[in-house]
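The values are calculated or read from the model by the stated rules, or taken from the named source; none is laboratory data. This one's a predicted model, so the numbers in the text were calculated from it and none came from an experiment. Because the Cβ atoms are built from the backbone with ideal geometry, glycine has one as well, and the counts that use them run over all protein chains shown.
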Amino acid sequence: MTVCDYKPGLEGIPATQSSISHVDGQQGILEYRGIRIEDLAQHSTFLETSYLLIWGGLPTKTELEEFEHGIRHHRRLKYRIRDMMKCFPEGGHPMDALQACAAALGLFYSKRALNDPLYIQNAVVRLMAKIPTMVAAFQLMRKGNDPVQPRDDLDYAANFLYMLNEQEPDPLAARIFDICLTLHAEHTINASTFSAMVTASTLTDPYAVVASAVGTLAGPLHGGANEEVIDMLEAIGSVENVRPYIDQCIKEKRRIMGFGHRVYKVKDPRANILQKLAEQLFEKFGTDEYYEIALELEQVVTERLGAKGVYPNVDFYSGLVYRRLGIPTDLFTPVFAIARVAGWLAHWKEQIRENRIFRPTQIYTGSHDQKYVALHERP
Ligand code: CMC
């Protein structure tokens with residue numbers, strides 16, 4: 001390998017072969033197992049889509065019922081996990097809490113029987129069932145309240161909103177939240193999925209795989225961006241302030257949160273869907289003061305940076321949807337994780353089926369043959 005082969009951020013370098021999802025960044029197309037995201041958003045549910053991603057095809061009625069049944073019955077957390085969570089500082093970020101809890105599952109369920117289909121199935125069900133409960137429990141515990149027990153009669157999305165807000169959600173709100181989960185479930189080899197694959201390639205347990213992916217998702221250039229979008233809209237404060245704000249960002253070469261993507265050079269198809277979902281929510285439950293600012297921002301950024309392929313990404317409108325659903329800003333990224341665990345697990349399964357440990361190389365830029373200088377002889 002020569003220096004010319006090195007691509008910062010591995011841009012354009014294939015890291016694996018995968019049949020899970022596909023992105024056409026020029027045309028703004030996203031497919032899960034060959035099915036367009038628009039179709040899945042309209043006709044599927046998050047759990048059905050997760051099944052599709054993880055097991056490779058749409059389930060039969062019985063397969064879907066069994067999958068949903070398994071998840072409903074594994075939603076509860078062991079009291080020791082809840083006790084562990086009581087020791088977390090309430091000021092800590094919920095992504096850190098989630099990472100610790102996901103890793104802790106490995107203490108209870110780690111057998112590493114990666115050749116056993118039942119082990120794989122149980123791990124998938126447990127992780128998908130328990131992660132929403134962990135996020136909701138941390139939210140209540142940091143407010144000084146007891147966590148709300150999951151309700152078996154509610155579906156995946158409705159149950160999460162119920163555990164979070166301590167009341168049964170409006171059906172439209174629950175359906176929209178379910179679509180948001182579908183939209184965030186998978187997105188090829190992004191940073192957290194790559195992290196999951198690298199961890200998986202050591203043949204460690206799936207709880208460690210998910211914990212490492214959660215840590216990666218937390219950063220502001222990845223899953224953390226939707227939180228920063230809301231902070232940015234708040235800082236801008238009014239439609240009139242949008243142009244000066246963007247001018248200043250461009251002048252100072254600062255990133256505008258919720259815009260730009262390594263792969264998409266047009267508006268992210270998920271941003272289009274999320275924008276429509278936000279509008280449906282505003283119609284039913286009242287508008288959001290930040291929406292007008294967001295629309296102006298999209299227009300100005302498109303004018304100024306569209307030529308570079310910088311358009312709204314998935315994080316731009318998702319925060320506005322989550323705000324209307326009563327989700328606190330610092331839970332946006334944990335909610336992203338609830339959805340993306342499906343994609344991580346799909347890649348985990350794919351990785352361990354034909355595994356080779358990740359071990360890339362580097363271009364060494366340091367020196368050679370340096371002499372060790374004793375501490376007392378150093379300047
Ligand atoms: N604001 C201003 N300029 C931008 C932005 C942005 N958000 N994104 C890209 N650009 C410009 C960048 O300055 C560069 O211009 P030039 O060629 O003149 O130097 C050009 O567009 C290409 O950018 P890049 O740095 O090569 O792009 P990248 O592929 O390395 O970075 C990104 C992708 C997502 C990290 C970046 O667009 C970004 O920092 N966006 C803001 C954070 C964000 O919204 N992240 C969420 C990403 S989508 C969901 C997810 O992955 O979790």
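Annotation note: of 242, 310, the sole residue that is outside the structural domain of residue 47 (by the TED database), among the aliphatic types (A, V, I, L, M), more than 12 Å from the ligand (Cβ to nearest atom) and farther than 30 Å from residue 112 by Cα is 242. Assigned to a helix (DSSP H, G or I), farther than 19 Å from residue 191 by Cβ and in contact (Cβ under 8 Å) with a residue 40 or more places away in the chain: is that true of residue 243 in this structure? Yes: the conditions hold for residue 243. Listed here are the helices (runs of 4 or more DSSP H) enclosed by the range 117-216 that have at least 1 residues being of a type outside the set (Lys, Arg) and within 16 Å of the ligand (Cβ to nearest atom): 171-184, 191-200. Scanning the range 101-116 for residues that are modelled with pLDDT under 95, more than 17 Å from residue 71 (Cβ to Cβ) and not in a loop (DSSP other than H, G, I, E, B) yields a total of 3.
When you scan the range 281-303, do you find a residue that is more than 14 Å from the ligand (Cβ to nearest atom), modelled with pLDDT of 95 or more and either in contact with a Gly (Cβ under 9 Å, 6 or more places away or on another chain) or in the same structural domain as residue 32 (by the TED database) (or both), even just one? Yes. The helices (runs of 4 or more DSSP H) found entirely in the range 268-348 that carry 3 or more residues being surrounded by fewer than 23 Cβ atoms within 10 Å (Cβ to Cβ) are 269-285, 291-305.
Looking only at the range 224-234, decide whether some residue is loosely packed, with under 15 Cβ neighbours inside 10 Å, more than 10 Å from the ligand (Cβ to nearest atom) and over 30 Å from residue 356 (Cα atoms). Yes; the residues of the range 224-234 include at least one that is loosely packed, with under 15 Cβ neighbours inside 10 Å, more than 10 Å from the ligand (Cβ to nearest atom) and over 30 Å from residue 356 (Cα atoms).
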